Structures are given as C-alpha cells and as structure tokens.
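A short write-up of the structure that comes next.
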Amino acid sequence: MTNQNVSEISKKYIDMADKFGAHNYHPLKVVITKGSGEWVWDIDGKKYLDMLSAYSAVNQGHCHPRMQQTLMEQAQKVTLTSRAFHNDQMGPWLKQLTLLCKKDKALPMNTGAEAVETAIKVARKWGYLVKKVPRHQAEIIVCDHNFHGRTTTIVSFSSEHQYKDDFGPYCGGFRSVPYGDAAALEKAITPNTVGFLFEPIQGEAGIIIPAQGYLEKVSQICKKHNVLCIADEIQTGLGRTGKLFAHLYENCEPDLIILGKALGGAYYPISAVVGNDDILGLLKPGDHGSTFGGNSMACALSQTALSIIEDEKLADRAFKLGNQFREGLAHLPKKVVKEIRGKGLLNGIEIHPEAGKGRFYSELLQESGILAKETHDYTIRFAPPLVMKDESMRFAIDTISEVFAKTQAEWLQKS
C-alpha cells in the first residue's frame, strides 16, 4: 500500500469515524465535503474527479440544479405520509417509471437490497398462486459471484465467503449456476423453479460481462420453462451502460426489473420492482410494505432524476464516453494490466496479481486527483457520473495513463 498522508483536519474526521463507527468499510483516506457534476472537493479544498459515483448512484452528477430545486420545493410541502394515505407524488412517479420500463406496475421501496427482497417474495408468491409450485418448495436460481445486497436472505445465496460467513443459519430455496452459462441455467431448472435472478453485468464481481447472446438465451429459457426472468439493474440501469437498461443490448425481456441507486438522483434512497399486472397484481394489502416506500420526497426527486436521464440523453453520453475511455486506455502496460472491460461508463481495469492489488492503484489515483475503488482485490471499478464533460474524460485518460506508466517503470526497475 502507498503511504497516504492526510492533513490534521482530515485525520480528525477519519479518526472520529473509526472510533464511533463499525468498521464494515475500508474507505480511501479522503474526506469529501462538496460536489458538483463529476467533481468533488475534500475538506482541505483539493479537487477530485469522482469515478465511482457512489457505486453508480450519482448518474445525474453531484448536486444537479434540477434536483436541488425539486428538493427545496418538496421540502416546503410534505415529505412523508406513509402508505396509510395517498400522496400527490407517488402516482405520477409510478406512471413515469412504468412507461419508461414498458411495464404495468411498480412497487416502491427504499434500498436496492429491499427491492431484491421484494422481487424474491413476489416471485415466490407467483410460483405458488400461478405456477402451482407446492407450498414453500419454490426455488430461485442465481449466479455464482452475484451481488444483490447484504440482507440475511441475500447473503444466503452469495458465493463470496466473507459476505456470508458468521451470518448463518442461511435461508434455503436458492440454487447457483455459473454466470454466463445459459446451458447450466436450463439444466438447473426443476418443476419448483419460479425465477432466475441475475445481473446483466456483474459489477461487484469485477465488471464481468457475459458473452453476446447470453441475455437473450436466458430470457428464452425462462419463457420456455415458465420461470420468471428477474433482471437486477440496480447498478447497470438508468443509462449507466450506454443504454437505458443493460438488458436492452440484447433481445432480453425480463418479467421483473429491479431498480435503485440512480433512481433517486443521488439525493434520496428509492428503489423499485417493476413488472406487469400478472405478477405484481398478485399482491394484496398486507402482503408487503414499507413506512418510507413511496414517500413524497423520494417520488418527487425520482421524477426529476428520471427526467434528467431522458432530457440530457445520459445513456447516449455514457455510450460515447465509455468507448472513449476504453479506447484511450487500450495502451496501458500489459505487464501491469490484465484486461480492461466494460460497457458505457461501467468499466473495470483488472491488474495482474504480481503487479500489486487494486487498493495500491486506487491510492495512487487518489493522489493524482481521481477517486476510484478496487473490487475483489485486483479490479478497479470506474463509473463516473454520466454528466461527465469531454475535458474531464480527457483528464481521466491522461491521469490514469500516467499513473500506470509510472507504476510499470518502478515495478520493472525493482524486478
């Protein structure tokens, strides 16, 4: 690791978080205090290019003026009513979102993990009421190296030991198959299979992109065997990969789409499961709920967040800038970089293990004014706000190139 030096004022905030907070994260030693667009500033006034976007939650950029305006206007009206009553923001938001997704209904929650839990419950209910699976025998197929959240149900079907060790006993009803292997999916289906839950691109696993044709094949297999096709687009959706949803790169028709992160425009947590009447219409009052789900503030902000994505053509922008990013870094030293992969503005640079861990490179990039973060030790994830300007992308490409060139030179000198 690099020897990161921090100022006294930064150290004060870092030490406070270390002392009073549980150590369930290992953040870079930077204390952010301000953001605008694709840029953030630390408490010492240093400017950084944000190339993580809070794990793709900041697609619309930091402190977008339209989001600010919506926040101020709604804060002066009402923020929370609970679902015991109607509010004037949820209905218009539901209509906007379902039209965008070309589905009949949406069910609002707060976080991505809650939305995944919701999809699991809905798929099981559909299995019992429609597919007539024997009571409490429903199975959902997932993928190896998946990441769908941190709840006890979700970590039960994780293949990452740290995510699940010491958190058992685990929930049953799940079966895992290799990601990108449509034949393995079809082989794993049984009469009790009610759903296939997958990420169009595996983000946390290291920006793993399946071979062309996989998404279409799994969609067809699900239809053939009467299994719900459930796309987790929490990280990949809403323009991030160069299309509105990553599954749109192929002829893939999910029965349920799970959304979160950028759905709130980086201002408020909101998530949703979107599907048709024949599935979401099965829910009855009392089956599922959330005090904050569908609250006035979240729905008002999400309407603006969705409008920004459409009005500013952020998916198209992500497609263009993503190509520029990968082409601009194609020359990175092969002795250090094993592979560069991605779609749109969801990209990963995988490091050869012998050349060091991703944390080391993340700290070097921070020193040079770029904030990115490693995942699974050897891959650095790059996912900047989709509002990123062309000159910011040029800065990113130049800076990343300099950092890797310098690192290779030092590494070769030592070896």
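Can you say whether Asn59 is among the polar types (S, T, N, Q) and over 20 Å from Glu310 (Cα atoms), as far as the supplied structure shows?
Values: among the polar types (S, T, N, Q): yes; over 20 Å from Glu310 (Cα atoms): no.
Criteria not met by Asn59.
Here is a list of conditions, (1) outside any loop (DSSP other than H, G, I, E, B); (2) more than 18 Å from Thr375 (Cα to Cα), and Gly172 meets all of them except one; can you say which number that is?
It is condition (1) that Gly172 fails.
Residue-by-condition table, conditions (1) in the same structural domain as Ala211 (by TED's automatic domain parsing); (2) crowded, with 17+ Cβ neighbours inside 10 Å; (3) closer than 23 Å to Ala246 by Cα:
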| position | (1), (2), (3) |
| --- | --- |
| Phe325 | no, yes, yes |
| Lys335 | no, no, no |
| Phe360 | no, no, no |
| Gln366 | no, yes, no |
| Glu374 | no, yes, yes |
| Ile380 | no, yes, yes |
| Pro384 | no, yes, yes |
| Ser401 | no, no, no |
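Looking only at region 77-94, count every residue that is outside any helix (DSSP H, G or I) and within 23 Å of Lys243 (Cβ to Cβ) and tell me the total. I'd like the intermediate steps shown before the answer.
In the first step, residues of region 77-94 are kept if they are outside any helix (DSSP H, G or I); the result is 77-89.
Checking the rest, the ones that are also within 23 Å of Lys243 (Cβ to Cβ) come to none.
Residues that pass the stated criteria total 0.
What number goes with the only condition from (1) farther than 30 Å from Gly286 by Cβ; (2) assigned to a loop (DSSP other than H, G, I, E, B); (3) in the same structural domain as Cys299 (by TED's automatic domain parsing) that Glu73 does not pass?
The one condition Glu73 does not meet is (2).
Output the number of the condition that Gly242 fails; it satisfies all remaining conditions of (1) more than 17 Å from Ile120 (Cα to Cα); (2) modelled with pLDDT of 95 or more; (3) more than 20 Å from the chain's Cα centre (by Cα).
Every listed condition holds for Gly242 apart from (3).
Among the residues of region 95-108, is there at least one that is of a type outside the set (Lys, Arg) and part of a loop (DSSP other than H, G, I, E, B)? Spell out how you get there, then give the answer.
We begin by selecting, within region 95-108, every residue of a type outside the set (Lys, Arg); these are 96-101, 104, 106-108.
This time we only want the ones that are part of a loop (DSSP other than H, G, I, E, B), so: 104.
Within region 95-108, one or more residues are of a type outside the set (Lys, Arg) and part of a loop (DSSP other than H, G, I, E, B).
Does Leu94 count as over 16 Å from Tyr268 (Cβ atoms) and crowded, with 21+ Cβ neighbours inside 10 Å?
Working: over 16 Å from Tyr268 (Cβ atoms): yes; crowded, with 21+ Cβ neighbours inside 10 Å: no.
Taking the combined requirement at face value, the residue does not satisfy it.
Take region 210-260 and flag every residue that is of a type in the set (Gly, Ala, Ser), part of a helix (DSSP H, G or I) and closer than 21 Å to Leu314 by Cβ. Spell out the reasoning first.
So in region 210-260, the residues of a type in the set (Gly, Ala, Ser) come out as 211, 213, 219, 231, 237, 239, 242, 246, 260.
Narrowing the set further to residues that are part of a helix (DSSP H, G or I) leaves 219, 246.
Within region 210-260, just Ala246 meets the criteria.
For region 118-146, which residues satisfy the criterion of being surrounded by fewer than 21 Cβ atoms within 10 Å (Cβ to Cβ) and either under 16 Å from the mean Cα position of the chain (by Cα) or within 20 Å of Glu204 (Cα to Cα) (or both)?
Asp144, His145
What's the number of the only condition in (1) aliphatic (A, V, I, L, M); (2) more than 24 Å from Gly168 (Cα to Cα); (3) in contact (Cβ under 8 Å) with a residue 60 or more places away in the chain that Met72 fails to meet?
If we test Met72 against (1) aliphatic (A, V, I, L, M); (2) more than 24 Å from Gly168 (Cα to Cα); (3) in contact (Cβ under 8 Å) with a residue 60 or more places away in the chain, just (3) comes out false.
Asp166 passes all but one of (1) at pLDDT 95 or above; (2) surrounded by fewer than 16 Cβ atoms within 10 Å (Cβ to Cβ); (3) at positive phi; which number fails?
Only one criterion is unmet by Asp166, namely (1).
Quick grid of which residues meet (1) hydrophobic (A, V, I, L, M, F, W, C); (2) within 22 Å of Ala54 (Cβ to Cβ):
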residue	(1), (2)
Ala266	yes, yes
Asp277	no, no
Ser290	no, yes
Thr304	no, yes
Glu310	no, yes
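Quick test of your reading of the structure: Ala330 fulfils all but one of (1) modelled with pLDDT of 95 or more; (2) surrounded by fewer than 21 Cβ atoms within 10 Å (Cβ to Cβ); (3) of a type in the set (A, V, I, L, M, F, W, C); (4) touching a Ser or Thr at 6+ places or on another chain (Cβ under 9 Å). Name the failing condition by number.
Among (1) modelled with pLDDT of 95 or more; (2) surrounded by fewer than 21 Cβ atoms within 10 Å (Cβ to Cβ); (3) of a type in the set (A, V, I, L, M, F, W, C); (4) touching a Ser or Thr at 6+ places or on another chain (Cβ under 9 Å), the lone unmet condition for Ala330 is (4).
Can you find even one residue in region 5-15 that is outside any helix (DSSP H, G or I), closer than 22 Å to Ile380 by Cα and in contact with a strand residue (DSSP E or B) (Cβ under 7 Å, 6 or more places away or on another chain)?
Within region 5-15, none of the residues are outside any helix (DSSP H, G or I), closer than 22 Å to Ile380 by Cα and in contact with a strand residue (DSSP E or B) (Cβ under 7 Å, 6 or more places away or on another chain).
Go through Thr81, Thr98 for me and flag whichever is touching a residue at least 12 places away in the same chain (Cβ under 8 Å), more than 24 Å from Ile257 (Cα to Cα) and among the β-branched types (Val, Ile, Thr).
Details: Thr98 fails: more than 24 Å from Ile257 (Cα to Cα).
The unique qualifying residue is Thr81.
Kindly indicate the residue of region 279-301 that is of a type in the set (Gly, Ala, Ser) and not in a helix (DSSP H, G or I) and also nearest to Val194 (Cα to Cα) among those meeting that condition. Can you show your working first?
Within region 279-301, the subset of a type in the set (Gly, Ala, Ser) is 281, 286, 289-290, 293-294, 296, 298, 300.
Those left that are additionally not in a helix (DSSP H, G or I): 281, 286, 289-290, 293-294.
On the way: Gly281: 17, Gly286: 22, Gly289: 22, Ser290: 24, Gly293: 26, Gly294: 27 Å.
By that ranking, first place goes to Gly281.
For region 307-362, which residues satisfy the criterion of being part of a strand (DSSP E or B) and either free of Cβ contacts under 8 Å to residues at least 60 places away in the same chain or under 20 Å from the mean Cα position of the chain (by Cα) (or both)?
Start the filter on region 307-362 by keeping residues that are part of a strand (DSSP E or B), which leaves 337-343, 346-351.
Listed by number, the residues that qualify are Lys338, Glu339, Ile340, Arg341, Gly342, Lys343, Leu346, Asn347, Gly348, Ile349, Glu350, Ile351.
Which one of Tyr55, Tyr25, Tyr48 is free of Cβ contacts under 8 Å to residues at least 12 places away in the same chain and within 22 Å of the chain's Cα centre (by Cα)?
On the way: Tyr55 fails: free of Cβ contacts under 8 Å to residues at least 12 places away in the same chain; Tyr48 fails: free of Cβ contacts under 8 Å to residues at least 12 places away in the same chain.
Going through Tyr55, Tyr25, Tyr48 in turn, just one is free of Cβ contacts under 8 Å to residues at least 12 places away in the same chain and within 22 Å of the chain's Cα centre (by Cα): Tyr25.
The values are calculated or read from the model by the stated rules, or taken from the named source; none is laboratory data. This structure is a prediction, so every number in the text was calculated from the model and none was measured. Backbone-built Cβ (ideal geometry, glycine too); neighbour counts: all protein chains shown.
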